[in-house]
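Here the structure comes first, spelled out in structure tokens, and everything after it is commentary.
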Amino acid sequence: MTSTNQSVTWDPLDAAGLTDANVLASAKKREIKNILKSYVSNYDPLSELIQNAMDAVEKRCEADTKIYPKVTIIVDLNENSIEVLDNGCGFEEAEFKAFLAPSISFKSGGETRGNKGVGVTYIAYGFNDLTIRTKNRLFSYQGTMRRGREWIEDHEGTVSRPLIEPAKTKSNAFDALDQGTSFKIAFSGKHVRPKNLGWYQAKTAEQWLYLLLIKTPLGSIKLPSCSASNIQFDLRVMDKDGKVTSLEEQEAKYKFPHLEVHASQQLRKIVEIQQKALNEGKDPARAIDKFRKSNGIYEVYSLDQVLPLARLSDDEIELAKTHNVTAYGYFVYSTEIWDQLNDKKAKLRQGLRIIKGGLQIASNSMPQGELITIPLSKSMGHQNQSHVIVHFEGAEPDLGRKGFQPELKELAEKIAAGVVKQLSARREDILKSDSGAHTDIDKELKVHEWLKYQEQYEADHPLVLKNDGFFLPTKKISVMCVPQSEQDVIVLFNQLIAGGVIRGLKLLATSQSSQYDGVFRFSAEDPLSAYEFCQKNNPLGVFGEQLTKTYTTQPKVLEYKFCLDGLIREFEGGDKHENDVDLAVFWEMGKDFDKEYSVISYLDSELTHRRSHHGLTHRLCSANSYIEVICLQELFQMLNDPEEAHKYQQSHYGDDI
């Protein structure tokens, strides 16, 4: 029997090296398997590869400020592989031979995105086909490691321990680097997640861009500035048919919803404008008229602004200060907006909501883990309408990317609930109402029996044009001079509808004897993209977020005039009633509207989001009702000289508060 002198000291890690090699290999295998179990997301391989690449280029930039930091991602759907390259520092030989082992990391912590030494172990042993290439002035090597995951999952001892062997393939993208590193994973075999890159149903660079900027460190989160990382990246995607799409010099920046959704208003700006109005003795409610009926409201919070959002204990306040907590919140009027972001902008498969309601915890400028349900004690539906980010500096998630320590998670949840409470409090006066339908399109109006008669007449005597050869684009209008009468206005208006300048107005009838001039419907038919706003090609359109589905309204009343003054005089004389008229079409605005009405100009770019149907130029608002308006003179100004028209709209109808 031997004994150990109690005065002898030794390093347990060195002592472990004296253990039987098979026992040590089994222990390492168990350790690696535990690491792999902590990676549960299909986005984890992307995140780890990109995280390492971004750290590498930033490390090189610290030593050489003249270097232009660049990351390149190559997705090959035909080969079922992803390659991530960087022009960073590359590996030294000793680092390269050791860094794949569990818990080995050459990162210094601090500003790097990860330093536990488990990410590259996951990359090496979580998959069955990994190719690594690195080069700098001191060392270069290109090698392949195969069957790493098969060895980990092998319980019979039939799979040999994987080795790194010289690579038999080339990478043109890597060869083009002056120095740097490339990691390439080919996804194959059992226990691999994802098994097939087709799972994302992203086939183009544009589609992959959204995935990468929301689910990986490329979506850099810098709060409260919401600014981009100094790293730019190229993205190249080859689909299964060999078609290549690419994007170059993209910003590494998270897809903050307020930058993706039209008509998103910042809470702080609204409060500042109202306060200014109060200070000047003006109506604070009217001061924010231009913000009403918006799609979303957002705010960004520094540490000092975060702390008052929730009732935090002294320990939680200290924890928040330790990690310099910042936050971002976005509240949307309807969860349908998330579907539209997915379907129209990201263009991903149905049901894959990559931006949606929930809490995203972030650390070290990158999103970590999946979205968490925001714990609200009431108004539970607001959980799904709110996208909140809480960012911690210097906080590390648990092993892999499963989640954060309970105290950090609970702090983030409290802050998120406070953000939702603050933003949702302004939903009624700022946001559209979520009726489950397009704004105002289901509103039924009952003027008199004439409407019912015209509706039935439309059904009994439809006018059908089956020849597709009519109304081809000639880029010229048949009306040759400026209108001089109401009849000229009617002719011009019909020309604009026929030519597609104004879209979605269906005329049912005109009348020379009835109290009102005509009956019509607002509508939007497939393809809805024909009605979508585009500053250059479709400036009279509606923002895409409002085009949730096709629709046709109930019959509505239309009035024609040469000048709006004539209609207002008829209202004043009692000949016609403003509550009956839904749309007024005229050439010039006149001056009499200013007596009783305020004007919301949809031709003002700050108010375009208020337009509910294609072609509308203004809304005429009284104390009791409103009338939609098409002012043809100002419509032509907008089409012919948008910049000058915008200035005109702001100077004539803007409320300078």
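The values are calculated or read from the model by the stated rules, or taken from the named source; none is laboratory data. Keep in mind it's a predicted model, so treat the numbers as computed, not measured. Please note: Cβ atoms are built from the backbone with ideal geometry, for glycine as well, and neighbour counts cover all protein chains shown. For the accessible areas, the whole protein counts, side chains as well, though only heavy atoms, and no ligand, DNA or RNA atoms are used. Shrake-Rupley method; radii C 1.70, N 1.55, O 1.52, S 1.80 Å.
Here's a check for you: in the stretch 223-241, which residue that is open to solvent by less than 40 Å² (accessible area, probe 1.4 Å) and not acidic (Asp, Glu) is farthest from Leu303 (Cα to Cα)?
My answer is Val237.
Search the stretch 259-278 for residues that are in a strand (DSSP E or B) and pair each with any residue that is open to solvent by less than 20 Å² (accessible area, probe 1.4 Å) and of a type in the set (Phe, Trp, Tyr) when their beta-carbon atoms are under 8 Å apart and the residues are at least 6 apart or on different chains.
Ser264/Tyr330; Gln265/Phe291
Being open to solvent by 30 Å² or more (accessible area, probe 1.4 Å) and closer than 21 Å to Tyr210 by Cα is the filter here; which residues of the stretch 53-73 pass it?
Lys70
Does the stretch 187-222 hold any residues that are assigned to a helix (DSSP H, G or I), open to solvent by 50 Å² or more (accessible area, probe 1.4 Å) and within 23 Å of Asn128 (Cα to Cα), and which are they? Walk me through how you get there before you give the answer.
First, pick out the residues of the stretch 187-222 that are assigned to a helix (DSSP H, G or I): 197-200, 205-215.
Going one step further and asking which of them are open to solvent by 50 Å² or more (accessible area, probe 1.4 Å), we end up with 199, 206.
Selection gives Trp199 alone.
Go through the stretch 290-308 and give me each residue that's under 30 Å from Arg610 (Cβ atoms) and either at pLDDT 95 or above or crowded, with 19+ Cβ neighbours inside 10 Å (or both).
Lys290, Phe291, Lys293, Ser294, Asn295, Gly296, Ile297, Tyr298, Glu299, Val300, Tyr301, Gln305
Quick check on my filter: what residues within the stretch 318-336 are of a type outside the set (Phe, Trp, Tyr) and within 15 Å of the chain's Cα centre (by Cα)?
Initial filter on the stretch 318-336 (of a type outside the set (Phe, Trp, Tyr)): 318-327, 329, 332, 334-336.
If the condition is that a residue be of a type outside the set (Phe, Trp, Tyr) and within 15 Å of the chain's Cα centre (by Cα), then Gly329, Val332, Ser334, Thr335, Glu336 are the ones that fit.
For Asp76, work out the one condition from (1) modelled with pLDDT of 95 or more; (2) open to solvent by less than 10 Å² (accessible area, probe 1.4 Å) it doesn't fulfil.
Condition (2) is where Asp76 drops out.
How do the helices (runs of 4 or more DSSP H) wholly within the stretch 336-440 filter down when requiring 3 or more residues that are surrounded by 15 or more Cβ atoms within 10 Å (Cβ to Cβ) and modelled with pLDDT of 90 or more: which remain?
It comes to 382-385, 406-424.
Could you look through the stretch 79-102, keep only residues that are open to solvent by 20 Å² or more (accessible area, probe 1.4 Å) and acidic (Asp, Glu), and pick out the one that is farthest from Thr134 (Cα to Cα)?
Glu79
Does at least one position in the stretch 623-638 carry a residue that is part of a loop (DSSP other than H, G, I, E, B) and touching a helix residue (DSSP H, G or I) at 6+ places or on another chain (Cβ under 6 Å)?
Taking every residue of the stretch 623-638 in turn, none turns out to be part of a loop (DSSP other than H, G, I, E, B) and touching a helix residue (DSSP H, G or I) at 6+ places or on another chain (Cβ under 6 Å).
So for the stretch 304-324 (the condition being free of Cβ contacts under 8 Å to residues at least 40 places away in the same chain and in a loop (DSSP other than H, G, I, E, B)), does at least one residue qualify?
Checked the stretch 304-324: at least one residue is free of Cβ contacts under 8 Å to residues at least 40 places away in the same chain and in a loop (DSSP other than H, G, I, E, B).
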